[in-house]
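First the structure, in the form of structure tokens, and then the observations on it.
Values quoted throughout were computed directly from the atomic coordinates according to the rules given, and no laboratory measurement underlies them. Predicted model only: the values in this text are computed from it and were never measured. Note: ideal-geometry Cβ built from the backbone for every residue, glycine included; neighbour counts use all protein chains shown.
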Amino acid sequence: MPDLLWPIKWVIELILVAFHSLFTAVGMDAAQGITWVLSIVGLTVIVRAALIPIFVKQIKSQRNMMVAQPEIAKLQKKYKGKTDRESREKFAKEQMELYKRTGSNPLSSCLPLLIQMPIFSGLFFVLNDAQNSIARGTGGVGLLNEQLSNQFAVSDLFGAPLKDTFLSTENIEVKILAAVMIIVMTASQFITQKQIMAKNQNPETMNSQYMQTQKIMLILFPIIFAISGISFPIGVMFYWLASNFWTMGQQYIVIRNMPTPGSKAHHEREARLAKKGKLPKKTAEAEAIIEEETPRQRTQPTGKTRAKKGKK
């Protein structure tokens, strides 16, 4: 049976070996775990940079989902209580037409993670092949030759071999490092998702079905990461952790500079621009109009009789 991950493994080995060669060229030990960990971090940077166009598409789709929420709510109200087959089919058809018309996709938030799953799998099997390289006397599928595979197989960080998992060893260093990384990965995922919900959502859509799904994902994803983490090698977990930190930083930049209109982050950005005198003219004019249209409390005129009494 052909190895379906062969092309992905070949590219992963190419990037790993390239970064490994770079770090050894500047004086780092070729067999040390830190050299391979930094190579894995380099792999993460390359992969996530390549996914930036996908991330931009994801952001646009999520914003379109926010815009479409009022129409989705009307559609749900229209078919509320109708459980017959014809109504369900019409609802599904109209909902899909709405998603297509607004350019939105309810699964867009999962897209970058789904695309990275083959990378996780590929790195897992590259580590597994390296682990078996000593017994087989062979290297990887690409540039990870026998010597490099052997170095990768025996490399460790703080006494924890990169090829080991929390479940596969009694090594206390592996269990401690894996446990710490799982906690940090879970926390970083939770903070990233919470950041989106707290600062980059329009208050009008907070009670929508889409937001209810986001709230479920806020709890579900960290749980999935925590359960999956105990079965992944330390080396793969470093990729995962670096990817989470990239997502957190990327999300912070997007929320700060391109927030969803009407969200808390949007108001904070406009306040910063107004303070610097860089608020767009149209926005400034709109705020001025709103201020002018706001009714002011009318001062009641003082009658002459009252005035005279007051003088006495």
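From largest to smallest, the equivalent ellipsoid semi-axes obtained for the range 6-260 from the alpha-carbon gyration tensor read 42, 18, 18 Å. In order along the range 230-239, phi translates into HN-Hα couplings of 6, 9, 9, x, 4, x, 5, 5, 5, 4 Hz, rounded to whole numbers, per the Karplus curve 6.51 cos²θ - 1.76 cosθ + 1.60 with θ = phi - 60° and x for Gly and Pro. The protection proxy used here, the mean number of other Cβ atoms lying within 10 Å of each residue, ranks peptides 36-44, 55-63 as follows, highest first: 36-44, 55-63.
Placing pseudo-labels 7 Å out from each Cα toward the beta carbon at ALA198 and GLN212 gives an inter-label distance of 2.5 nm.
Of the listed pairs LYS74/LYS194; LYS57/LYS199; LYS100/LYS194; LYS9/LYS60, which have alpha-carbon separations greater than 22 Å here? LYS74/LYS194; LYS100/LYS194; LYS9/LYS60, as the Cα separations exceed 22 Å there.
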